[in-house]
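Below: the structure, in structure tokens.
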Amino acid sequence: MSFLVPLSCAFVNLKPGVGKTTSAVWLAHALHESGMSPLLVDGDPAASALRWSELANGFPFPVIALPVGDVHRRVNDFLGDRQAVVLDAPQLEDHPRIARSIMRYAGEWIVPVTPAPIELDRMAPIRGEMADVQSLRAEPARSAVLLNRTNRPDATRTGPDADAREALIERGFEVLDTHIARLDLYAQSFGNPVQAKGSAYMDFAKELIKRQDEA
């Protein structure tokens, strides 16, 4: 369904509070600052991304609310000449129909994961959800884990949560090279204007664009 746009990325997870909305908003800004023209789709009934844009007096790209079960059929109606779509999906455990519809649309599924044992333990059911949605798609989506709220390199012996990265890889997940550090810059950014230049989200955007080009 996403063939009209070069890059489409959805942030998905079973539970709330893992940084989906923060990552979606920052990534959309990074894509914009990289010269692309993104569309940000807020699929969460809580409408956090849309509210963020209102509090920040608007983003430099459109934000639409689509908390509906047929997102995959509707997104292209709002594309225009946009070059990228970033989709903020609600938690799968509470809004499975909306989240799965978003996954049917997006060419890339990004799973933000905090490197904590309880979060790593939740990855098995996420794999099952992914397999179910892949069976509904004409072409398989790519998927990868984004390590989010990682420790500073000097806070752990092995660097920014290398143990979590290794554990995820051992379980068969692809883990992005980019990781997002635990910083107030991101944690306290809700409702404020965003400038992605110089942040890890610019690296994240570049990595996603590279993955798309190599696909």
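Pairs only if they're at least six apart or on different chains, beta carbon under 8 angstrom, first in region 147-164 and at pLDDT 55 or above and assigned to a loop (DSSP other than H, G, I, E, B), second crowded, with 21+ Cβ neighbours inside 10 Å and of a type in the set (Ser, Thr, Tyr); list them, first residue then second.
What qualifies is Pro160/Thr150; Asp161/Thr150.
Please tell me if Val85 is open to solvent by less than 10 Å² (accessible area, probe 1.4 Å) and free of Cβ contacts under 8 Å to residues at least 40 places away in the same chain.
On the way: open to solvent by less than 10 Å² (accessible area, probe 1.4 Å): yes; free of Cβ contacts under 8 Å to residues at least 40 places away in the same chain: no.
Against the criterion (open to solvent by less than 10 Å² (accessible area, probe 1.4 Å) and free of Cβ contacts under 8 Å to residues at least 40 places away in the same chain), Val85 does not qualify.
Would you check if Ile126 is in contact with a helix residue (DSSP H, G or I) (Cβ under 7 Å, 6 or more places away or on another chain) and open to solvent by less than 70 Å² (accessible area, probe 1.4 Å)? Walk me through how you get there before you give the answer.
Values: in contact with a helix residue (DSSP H, G or I) (Cβ under 7 Å, 6 or more places away or on another chain): no; open to solvent by less than 70 Å² (accessible area, probe 1.4 Å): yes.
Taking the combined requirement at face value, the residue does not satisfy it.
Tally up the residues in region 176-208 that are β-branched (Val, Ile, Thr) and surrounded by 19 or more Cβ atoms within 10 Å (Cβ to Cβ), please.
In the first step, residues of region 176-208 are kept if they are β-branched (Val, Ile, Thr); the result is 178, 180, 194.
Filter once more, so that each one left must be surrounded by 19 or more Cβ atoms within 10 Å (Cβ to Cβ): 180, 194.
The total comes to 2.
Looking at region 100-132 only, could you name the residues that are farther than 25 Å from Arg165 by Cβ and out of contact with any Gly (no Cβ under 7 Å at 6 or more places or on another chain)?
Within region 100-132, the subset farther than 25 Å from Arg165 by Cβ is 100-102, 104-105, 132.
Within region 100-132, Arg100, Arg104, Tyr105, Asp132 meet the criteria.
Which condition breaks for Asn151 when tested against (1) over 21 Å from Ala89 (Cα atoms); (2) surrounded by fewer than 15 Cβ atoms within 10 Å (Cβ to Cβ)?
Failing condition for Asn151: (2).
Return a yes/no flag: does region 19-30 have any residue that is part of a loop (DSSP other than H, G, I, E, B) and either touching an Asp or Glu at 6+ places or on another chain (Cβ under 9 Å) or of a type in the set (S, T, N, Q) (or both).
Initially, region 19-30 is screened for residues part of a loop (DSSP other than H, G, I, E, B), giving 19.
Subsequent filtering for residues that are either touching an Asp or Glu at 6+ places or on another chain (Cβ under 9 Å) or of a type in the set (S, T, N, Q) (or both) retains none.
No; the residues of region 19-30 include none that is part of a loop (DSSP other than H, G, I, E, B) and either touching an Asp or Glu at 6+ places or on another chain (Cβ under 9 Å) or of a type in the set (S, T, N, Q) (or both).
The values are calculated or read from the model by the stated rules, or taken from the named source; none is laboratory data. Everything quoted here is computed from the prediction, not taken from an experiment. Cβ sites come from the backbone with ideal geometry, for glycine too, and all protein chains shown count toward neighbours. Calculation scope for accessible area: heavy atoms of the full protein, side chains included, ligands and nucleic acids excluded. Shrake-Rupley method; radii C 1.70, N 1.55, O 1.52, S 1.80 Å.
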